[in-house]
Amino acid sequence: MDNESMGFNFNSLTVHALQEQLQSGATTSVEAVTSLLAAIAERDGELKAYVTLDAEDALAQAAEADRRRADGEDAPLLGIPLAIKDVLNVTGQPCTCGSHILQGYIAPYDATAIAKLRQAGAVFVGRTNMDEFAMGGTTENSSLQVTHNPHDLDRVPGGSSGGSAAAVGGGIAVAALGSDTGGSIRQPASFCGCVGLKPTYGRISRYGLTAFASSLDQIGPMTHDVRDAALLLGAMAGVDPMDSSSVDCPVPDYTAALSGDLKGMTLGLPQEYFVKGVDPEVESAVRAAVARCRELGAEIREVSLPHTEYAIATYYVIATAEASANLARFDGVRYGRRAEGATDPIDMYGKTRAQGFGPEVKRRIILGTYVLSGGYHDAYYLTAQKVRTLIRRDFEQAFEECDALLSPVTPTPAYKIGEKVNDPLQMYLGDMFTATANLAGICGLSVPCGTTAAGLPVGLQIMGPAFGEEQILRVGHAYEQAEAGS
Ligand code: GLN
């Protein structure tokens, strides 16, 4: 299937290419959105990437964008259609977070990232599937539907932003937004063959992003190429009075950093990320990408991040502790669904949560409550916070001698639907190379770096220091362009 419709090829159509076509008058937003909706109608039956689509509303937004352009406006994303992970609030749209508990909830406001994109002219086409409350790595934990990998329908698209990744990788979105708490943008991007960027903690406001683990969550773009990731990052970044963790540091023109070469850069290979257990096909694809970066002028150096082995344990203590607090608000009182037939408020909270949350969310609330409880708080939560500091220091040290670090995104390519869903620990181990960037608060980019013999995409991870997005985008872009030209 080529997803070609009215001259658009959504397998590869980028934001920047569509921008040019819209600016030159070669096409209109209504034309682009109409044919995108046709591509979705044709292919989403098998991918199941979208959970909500409102064609009429999308076309009305597109028509409005075309009117604004006719009036002489030229906002940077005017008329560009985007798919949004179902964890972000968009005024007037449902926001299920992949959960039954938010059934019937309609967002009364825009998340700041959404408001900024709206200001820049973007059109919000539809909402994408996700693991419930962003907990998971396959999108199988969604209470709504199972999403399929566009490169092999029997396999998972990754998660938790699996719907966004399948939509972009499957040619039924121009670009999408995801959220990343421990890898949820980068891992599905690598499974589905698209670009995914987790910005530095504080780079994009999280106001209006349904909180999973507040000290780890970030919003980021999922795109067909690195230039689009740079464009969308620039449109969303910046300090926000509504999110006290957002940082007031200048927002550069990220596209200006895309020089196409790596001269003068030092790139590190963390030895703990090239270990036994990494699929040999993944390792060889990543090593070939490293060789390419060397050809492009980078100096390659081995580095060590000695506390890597504690990352998964640390992440799953901190993330669940924060989740247990954040999810307390879903009790049937203010948001979404309320259980019927309760005898008193306590009974109502209990029934609503018992019926509304799926098994993985319950497992994490129980674990998070346990690690915060009296007598265990110091042994688990406090210890995890200390180890987190050690992990952050490992990176600070590595970035004293390197501009960025290269590694696999995940130890394996996409696996079969159902293969790991009953083995949560095995699933958690898949986050070992991504959760570290969230713990350290730094930025990470996933860029496709070839496929396995079976045709499954592999991702190259490029991690940079806090607010080092320009460096990692430069590396990703130079690599991607060199591959495209070879
Ligand atoms: N797979 C990880 C988890 O299950 C990461 C999720 C995320 O980044 N939202 O927690």
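A quick yes/no check of all residues on (1) away from the ligand (no atom under 15 Å from the Cβ); (2) crowded, with 24+ Cβ neighbours inside 10 Å; (3) more than 18 Å from Y415 (Cα to Cα):
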site	(1), (2), (3)
G169	yes, yes, no
S179	no, yes, yes
A189	no, yes, no
G202	yes, no, yes
Some residue of region 112-132 being surrounded by fewer than 23 Cβ atoms within 10 Å (Cβ to Cβ), over 28 Å from E419 (Cα atoms) and either hydroxyl-bearing (S, T, Y) or under 16 Å from the mean Cα position of the chain (by Cα) (or both): no
Residues of region 41-68 satisfying the condition of being of a type in the set (K, R) and within 18 Å of T27 (Cβ to Cβ): R67, R68
E419 vs. criteria surrounded by fewer than 20 Cβ atoms within 10 Å (Cβ to Cβ) and within 16 Å of the ligand (Cβ to nearest atom): yes
Candidate set: region 204-219, residues that are outside any loop (DSSP other than H, G, I, E, B) and within 12 Å of the ligand (Cβ to nearest atom); chosen: the one surrounded by the fewest Cβ atoms within 10 Å (Cβ to Cβ): L209
In region 220-244, the residues that are of a type in the set (A, V, I, L, M), farther than 16 Å from A120 by Cα and surrounded by 24 or more Cβ atoms within 10 Å (Cβ to Cβ): M222, V226
Search result, residues across region 436-462 that are under 16 Å from V278 (Cβ atoms) and within 16 Å of the ligand (Cβ to nearest atom): T436, S446, G459, Q461
Condition met for V125 (part of a helix (DSSP H, G or I), on the phi < 0 side of the Ramachandran plot and touching a helix residue (DSSP H, G or I) at 6+ places or on another chain (Cβ under 8 Å)): no
Which numbered condition E73 fails, given (1) surrounded by 20 or more Cβ atoms within 10 Å (Cβ to Cβ); (2) away from the ligand (no atom under 14 Å from the Cβ): (1)
V156 being closer than 14 Å to D225 by Cα, of a type outside the set (G, A, S), buried (at least 24 other Cβ atoms within 10 Å of the Cβ) and more than 9 Å from the ligand (Cβ to nearest atom): no
For P413: the one exception among (1) within 15 Å of the ligand (Cβ to nearest atom); (2) of a type outside the set (V, I, T); (3) crowded, with 20+ Cβ neighbours inside 10 Å; (4) closer than 30 Å to G455 by Cβ: (1)
Output for region 13-31, where each listed residue is without any contact (Cβ under 8 Å) to a residue 60 or more places away in the chain and either among the β-branched types (V, I, T) or assigned to a helix (DSSP H, G or I) (or both): A17, E20, Q21, L22, Q23, S24, T27, T28, V30, E31
Test: residue in region 134-148 that is within 13 Å of the ligand (Cβ to nearest atom), closer than 22 Å to V239 by Cα, assigned to a loop (DSSP other than H, G, I, E, B) and under 15 Å from the mean Cα position of the chain (by Cα): no
Selected residue (only one of V90, V33, V15 is in contact with a Pro (Cβ under 6 Å, 6 or more places away or on another chain), modelled with pLDDT of 95 or more and at negative phi): V33
Residue check for L197: outside any strand (DSSP E or B), crowded, with 24+ Cβ neighbours inside 10 Å and modelled with pLDDT of 95 or more: no
Options G170, G162; residue that is among the small types (G, A, S) and closer than 25 Å to G336 by Cα: G162
From the options L406, L372, residue that is closer than 26 Å to Y479 by Cα, in contact with a helix residue (DSSP H, G or I) (Cβ under 8 Å, 6 or more places away or on another chain), touching a residue at least 40 places away in the same chain (Cβ under 8 Å) and aliphatic (A, V, I, L, M): L406
Candidates A291, A237, A257 - the one that is small (G, A, S) and more than 24 Å from the chain's Cα centre (by Cα): A291
So K416, is it within 26 Å of V275 (Cβ to Cβ) and touching a residue at least 60 places away in the same chain (Cβ under 8 Å): yes
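The values are calculated or read from the model by the stated rules, or taken from the named source; none is laboratory data. Owing to the predicted nature of the structure, the values given are computational and were not obtained by experimental measurement. All Cβ positions, glycine included, derive from the backbone under ideal geometry; neighbour counts span all protein chains shown.
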